[in-house]
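In what follows, a single structure is set out as structure tokens and then discussed.
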Amino acid sequence: MLNRRNFMAASSAATLGGCVSCKFPDSLPVSSPISDAHAHFFNGADLPVHNFVRYVIVPVYAPNLPEVVLALADMALWIAKRLSVSASSEIKHLRSGELFGRDEIQEDEFARTAAKRQERVINEAGSLPFAERRPTESLADSYFYLATLLGAFDYGTRRTLNDDHVRIDPQVYEDIARQGRDAPQRTLPDSLDLPEAMVAYAAQSSVDVKAIIKWVFVMCQSRCSHVRRYLNTIPSGGSQVTHVSNLLVDYDRWLGDRPLGNSTNAQQVEFWTAYAARTESIPGWPRLHTFAGFDPLKDAGERLSSGKGTTFETMKEWYRAGREPGSNAAHKIAGFKLYPPMGFQPDKNVEPVLPTNEPREQRAEIEVKRWWDDNGWPLSKLGTSLDASLDGFFKFCAEEDVPIMAHASPSNDAMSNSARKALIRNWVPRVEQTFSELGRPLRLCLGHFGYYVYDLGAFKDLMKLNVEQVGGEPKARVYFDLSYDIDILEDNQGVLRYFLNALERVCKDVGDEGNFLTFGSDWIMLGQQAGASRYLDNFRRALDSSEFWRKNADKVLRTNFLDFMQVPH
């Protein structure tokens, strides 16, 4: 499960180090093929990175530090603009036959860029006593608070908090880029004249901030480097990944933000379509199955605005092109990715959809309400508008048997009431309703299934639908991926045995032979973990501890995902 504990631990992983060129090999050896149902290879340019950090990353992973929200959001955007290669830039290398992508961003370049931005914002705003600063309201004050928390002031200047000019030591950010949460904590000099409580608080709280800054560093790397590092990390024991999902996201409308220019959602799909064409002839190179993000809020707004020419209508053609053998279309996808913790359920989005918090506690609901109100749409109709978009989406997916990947863990929520909207129990009514109304099953994979989030009752309900048939057609094709599971990562074999035994009992109760559980990594997040290279081996050991799962290990590690994707094997 992707949670605060995982995120903090992830930031202490080994450094990126070195340059990774993306010159493709003539072939890759494959002795033991595996499939990965859950991976991401996007970078910071592909995300609405400012508001993702502002409304999701900091509130979820550093909830006690509202003072640094503005600074970290601005830093993420500033870094992405200057260091993250756009999708349209990276694609030029593919089409020209040059080396793919650019060299990796090095820690010192990242550090200089971050420090210069922080220094400039603080100094342009002028000096204030520390007690008079308002870091939750002022970007300069938020940056000043961040510098204080990290001890990032250049000690050589011995300047006080009231000086008209401060200097930021880039070494602080270089250390964080290399070591994440384990970067050394600076001792704050006496010349800063801070309250004793602030000094103690800085040492205690800076760990969370370091983890987020390390994530920003990782996200400024190229898409190519993410794929290459993935292939050098996840496979083990002679294994090689031959099929992997490539999950793009679209939660722009929920966050009131968008990817950087030249990395729109369409340009991202165009890049990965070109990537697939470039690599499909390389023996052993994994086939990336690219999923485009579907956002029911964006679709609802587009339908209310014009009623035609929606993004979803365009993406339908991308999917059809992806299914057509030999298609030369510039945009091809294998399915769709949903992200419910932004603020929606699969169905029955009853009012009020948005939480009613005090202003200081509000997050992404600010952006949704502002946009909805600016267009003159009644907020009381938000839920029904979401459901109408989802009805149309699921109808198309059922009728054309489209694979759907969904974030199904109560994590990465954008609002105070949205985390639980991702739980798997919310999918049972939608899956039942789709077959009841259309006579066609949904082809769905629920991501981040694991011990700390699993709901055995909902799992059994969905598994029953998988095995029950009407007229030779199953009522559902719902899969569950075990991606970025902390117990697999930490090799907690006792917990894993308990969890897998519980799943085994359900499978046997409903008459299933392990046909719907799949391996997943959740790269890029897993890639920040020091133990990422052991993840697959740890999972294999857990499967081997049970006769049932040992017998069905090849299904879990390879063929179940291929069945989900309708790939012959």
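The table below gives the values:
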| read-out | value |
| --- | --- |
| Subset of the range 26-68 that is β-branched (Val, Ile, Thr) and surrounded by 21 or more Cβ atoms within 10 Å (Cβ to Cβ) - its residue that is farthest from Tyr251 (Cα to Cα) | Ile34 |
| Of all residues making up the range 302-320, the number that are of a type outside the set (Ser, Thr, Tyr) and either open to solvent by 70 Å² or more (accessible area, probe 1.4 Å) or free of Cβ contacts under 8 Å to residues at least 12 places away in the same chain (or both) | 9 |
| Contacts under 7 angstrom Cβ, first residue in the range 130-144 being within 13 Å of Ala73 (Cα to Cα) and of a type outside the set (Lys, Arg), partner modelled with pLDDT under 95 and part of a loop (DSSP other than H, G, I, E, B), 6 or more apart | Ser142/Pro135 |
| Lone unmet requirement of (1) within 19 Å of Pro403 (Cβ to Cβ); (2) touching a Lys or Arg at 6+ places or on another chain (Cβ under 7 Å); (3) at pLDDT below 95 for Pro325 | (2) |
| Meets criteria (open to solvent by 30 Å² or more (accessible area, probe 1.4 Å) and over 16 Å from the mean Cα position of the chain (by Cα)) for Ala276 | yes |
| Filter result (of a type in the set (Phe, Trp, Tyr) and open to solvent by less than 60 Å² (accessible area, probe 1.4 Å)) within the range 465-511 | Tyr479, Phe480, Tyr484, Phe499 |
| Residue in the range 425-457 that is most open to solvent (accessible area, probe 1.4 Å), counting only those that are at pLDDT 95 or above and aliphatic (A, V, I, L, M) | Leu438 |
| Residue check, Ala476 out of contact with any Asp or Glu (no Cβ under 6 Å at 6 or more places or on another chain), small (Gly, Ala, Ser), within 24 Å of Val244 (Cα to Cα) and without any contact (Cβ under 8 Å) to a residue 60 or more places away in the chain | yes |
| Pairs, first free of Cβ contacts under 8 Å to residues at least 12 places away in the same chain and at negative phi in the range 414-433, second open to solvent by 10 Å² or more (accessible area, probe 1.4 Å) and in a helix (DSSP H, G or I), C-beta under 9 Å, six or more apart | Arg420/Asn426 |
| Filtered residues of the range 279-301 (kept if of a type outside the set (Gly, Ala, Ser), assigned to a loop (DSSP other than H, G, I, E, B) and either touching a residue at least 12 places away in the same chain (Cβ under 8 Å) or open to solvent by less than 10 Å² (accessible area, probe 1.4 Å) (or both)) | Ile282, Pro283, Trp285, Pro286, Phe294, Asp295 |
| Any hit, the range 538-549, residues being touching a residue at least 24 places away in the same chain (Cβ under 8 Å), under 23 Å from the mean Cα position of the chain (by Cα) and closer than 19 Å to Ile234 by Cα | yes |
| Pro429 being farther than 22 Å from Asp544 by Cα and either within 19 Å of the chain's Cα centre (by Cα) or not in a helix (DSSP H, G or I) (or both) | no |
| The one condition in (1) out of contact with any Asp or Glu (no Cβ under 8 Å at 6 or more places or on another chain); (2) open to solvent by 20 Å² or more (accessible area, probe 1.4 Å); (3) under 27 Å from Asn246 (Cβ atoms) that Pro340 fails to fulfil | (2) |
| Pairs with Cβ under 9 Å, 6+ apart, first in the range 387-407 and touching a residue at least 60 places away in the same chain (Cβ under 8 Å), second open to solvent by 10 Å² or more (accessible area, probe 1.4 Å) and of a type in the set (Gly, Ala, Ser) | Val402/Ala334; Pro403/Ala334 |
| Some residue of the range 551-566 being over 30 Å from Gly322 (Cβ atoms), assigned to a helix (DSSP H, G or I), open to solvent by 60 Å² or more (accessible area, probe 1.4 Å) and out of contact with any His (no Cβ under 6 Å at 6 or more places or on another chain) | yes |
| Boolean, Tyr484 is among the hydroxyl-bearing types (Ser, Thr, Tyr), touching a helix residue (DSSP H, G or I) at 6+ places or on another chain (Cβ under 7 Å), assigned to a loop (DSSP other than H, G, I, E, B) and touching a residue at least 60 places away in the same chain (Cβ under 8 Å) | yes |
| Tally of residues being in a helix (DSSP H, G or I) and either modelled with pLDDT of 90 or more or more than 22 Å from Gly126 (Cβ to Cβ) (or both) across the range 157-206 | 24 |
| Qualifying residue in the range 207-217 (condition: assigned to a helix (DSSP H, G or I), modelled with pLDDT under 95, open to solvent by 20 Å² or more (accessible area, probe 1.4 Å) and among the hydrophobic types (A, V, I, L, M, F, W, C)) | yes |
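Residues checked against (1) more than 15 Å from the chain's Cα centre (by Cα); (2) closer than 27 Å to Ile404 by Cβ; (3) buried (at least 20 other Cβ atoms within 10 Å of the Cβ):
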residue: Cys220; (1), (2), (3): no, no, yes
residue: Ser225; (1), (2), (3): yes, no, yes
residue: Leu231; (1), (2), (3): yes, yes, no
residue: Ile234; (1), (2), (3): yes, yes, yes
residue: Asp250; (1), (2), (3): no, yes, yes
residue: Pro259; (1), (2), (3): no, yes, yes
residue: Asn262; (1), (2), (3): yes, no, no
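The values are calculated or read from the model by the stated rules, or taken from the named source; none is laboratory data. Please read all numbers here as calculations on a predicted model, not as lab measurements. When we count neighbours, we look across all protein chains shown, and the Cβ atoms used for this are built from the backbone with ideal geometry, even at glycine. Note: accessible area is taken over every heavy atom of the protein model, side chains too, but ligands, DNA and RNA are not part of it. Shrake-Rupley method; radii C 1.70, N 1.55, O 1.52, S 1.80 Å.
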